[in-house]
Amino acid sequence: MERIRNAGSEEVVFRIEGRFDQTAANRLRQCLLADETPRAILDFSHAETLDDAALPFLTVMLTLLRRKGRDLALVGLRGQQVRVLQHFGIEVAGDGSVKVLVSDEESSQD
């Protein structure tokens with residue numbers, strides 16, 4: 001995984017390379033939590049494989065970071081991966097921006 005940030009930029013790109021599995025998801029989680037940049041772009045376009053088993057870990061990360069106010073975008077995912085994320089409550093817009101869909105529990109608390 002490569003971290004790319006231009007000087008003075010308010011965003012950071014995490015380029016995921018090789019295999020994205022549960023181990024890689026945990027490494028990405030540590031990097032994302034340590035990074036304070038307001039916007040993070042997760043670029044999966046260089047990933048050789050993306051294990052479906054890692055998507056629940058990714059969902060938890062995205063939910064946690066969105067709740068902390070971080071702006072996130074996902075690029076390079078395939079349609080099937082986007083559909084799996086939607087099943088877990090993560091909506092990925094055409095521009096890659098991430099929205100965490102409100103669960104029934106959260107909506108009943110409002």
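Nothing in this text is a laboratory measurement; each read-out follows from the coordinates by a stated rule. This one's a predicted model, so the numbers in the text were calculated from it and none came from an experiment. Don't worry about glycine lacking a Cβ; one is built from the backbone with ideal geometry, like all the others, and counts go over all protein chains shown.
Could you please report the charge total around Gly69, scoring K, R as +1 and D, E as -1 over all other residues with beta-carbon less than 12 angstrom from its beta-carbon? Kindly include the intermediate steps, with their values, before the conclusion.
On the way: positive: Arg39, Arg66, Arg67, Lys68, Arg70; negative: Glu36, Asp71.
Once all neighbours under 12 Å are counted, the net charge is +3.
For the chain, DSSP calls about 35 percent of its internal beta bridges antiparallel.
For the stretch 2-109, what class follows from the C-alpha gyration tensor (a ≥ b ≥ c being the square roots of its eigenvalues): rounded when a/c is under 1.5, otherwise prolate if a/b is larger than b/c, else oblate? Because a/c hits 1.5 or more and a/b fails to exceed b/c, the stretch 2-109 counts as oblate.
Please give me, ordered by residue number, the GluC sites (Glu not before Pro) of the stretch 1-56 that lie in loop per DSSP and have at most 13 other Cβ atoms within 10 Å. Numbers along the way, then the final one.
Details: sites: Glu2, Glu10, Glu11, Glu17, Glu36, Glu48; in loops: Glu10, Glu36.
The qualifying sites are Glu10, Glu36.
Once you list every other residue whose beta carbon is under 13 Å from the beta carbon of Ile90, what net charge do they have if Lys and Arg are +1 and Asp and Glu are -1? Provide the component values of the computation, followed by the final result.
Working: positive: Arg66, Arg67, Arg83, Lys99; negative: Glu91.
So the environment of Ile90 carries a net charge of +3.
Please identify every one of the trypsin sites (Lys or Arg not before Pro) in the stretch 1-49 that sits in a loop by DSSP and has no more than 16 other beta carbons within 10 Å of its own beta carbon. Hits after loop and neighbour filter: Arg5.
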